[in-house]
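Everything on this sheet refers to the single structure shown next.
The values are calculated or read from the model by the stated rules, or taken from the named source; none is laboratory data. All of these numbers come straight from a predicted model, not from anything done at the bench. All Cβ positions, even for glycine, are placed from backbone atoms using ideal geometry, and neighbour counts span all protein chains on display. The area values use the complete protein model at the heavy-atom level, side chains included, leaving out ligands, DNA and RNA. Shrake-Rupley method; radii C 1.70, N 1.55, O 1.52, S 1.80 Å.
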Amino acid sequence: MTKISQRRALLLAAVVPALLVAGCAAGGNGTQAMKGAASPATPTEEMSPDETENESPAETGSEGATPSETRTGAGLPRSAIENFFSALKSGNLDQVVSAFASTAVVELDGQATADSTQAIRGLFQKQLQGGTEQQATHTVEDVRTISDKDAVVRSTSKAGSQTRRELFLLMQDSGEWKISELMNNQPS
């Protein structure tokens, strides 16, 4: 297992269950975010206050939001996600794909898992053809900088009558924040 794979696995094991439960609690009905979602594991170590930063929700897109994450590395996790959403809205497929790390995995609700740059390009090419992404609104709900190399961003997107929740894992890749994992689903 490569160093990146190990770091990603540890990050997923520690963060995803807690975020799924938090997302469910925010959803109001208390049901699990996804069928078969496990209960959160008890964290084995606490994060120091400067490793995690919670933010109030802020609308992204043309209105923009003032990022306030811990300044680590070049750019900010919030900026990377806002740039990704801007690329979706503008229909710029190359910019959308460039938001992802070369080892990224994308799991969109109802779609096959994309685990290569080529597969990610094909997945978003289909998404952009529908034209609904240009009209979508995106809200960053939570940004957590886990370390100087890892971050988690939770957002909500609305396109037409469809609402989606997104969970992004980001990593530093050549000095830039890149999306290493993207998972979305529709709230139940």
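Brief remarks on what is shown
- Output for segment 137-188, where each listed residue is open to solvent by less than 30 Å² (accessible area, probe 1.4 Å) and either among the acidic types (D, E) or in a loop (DSSP other than H, G, I, E, B) (or both): D142, I146, D150, E166, E181
- Residue within segment 128-136 that is in a helix (DSSP H, G or I), buried (at least 20 other Cβ atoms within 10 Å of the Cβ) and not hydrophobic (A, V, I, L, M, F, W, C) present: yes
- V153 being in contact with a strand residue (DSSP E or B) (Cβ under 8 Å, 6 or more places away or on another chain), within 13 Å of N184 (Cα to Cα) and in contact (Cβ under 8 Å) with a residue 40 or more places away in the chain: yes
- Where A104 falls short, out of the listed (1) among the small types (G, A, S); (2) under 22 Å from P77 (Cβ atoms); (3) over 14 Å from the mean Cα position of the chain (by Cα): (3)
- Of all residues in segment 108-135, those that are over 21 Å from L169 (Cα atoms) and of a type in the set (A, V, I, L, M, F, W, C) total 1.
- Residue selected from segment 150-173 under the condition out of contact with any Asp or Glu (no Cβ under 9 Å at 6 or more places or on another chain) and modelled with pLDDT under 95, by the criterion nearest to E82 (Cα to Cα): K158
- Pairs with Cβ under 8 Å, 6+ apart, first in segment 166-188 and at positive phi, second open to solvent by 30 Å² or more (accessible area, probe 1.4 Å): G175/G73; G175/A74
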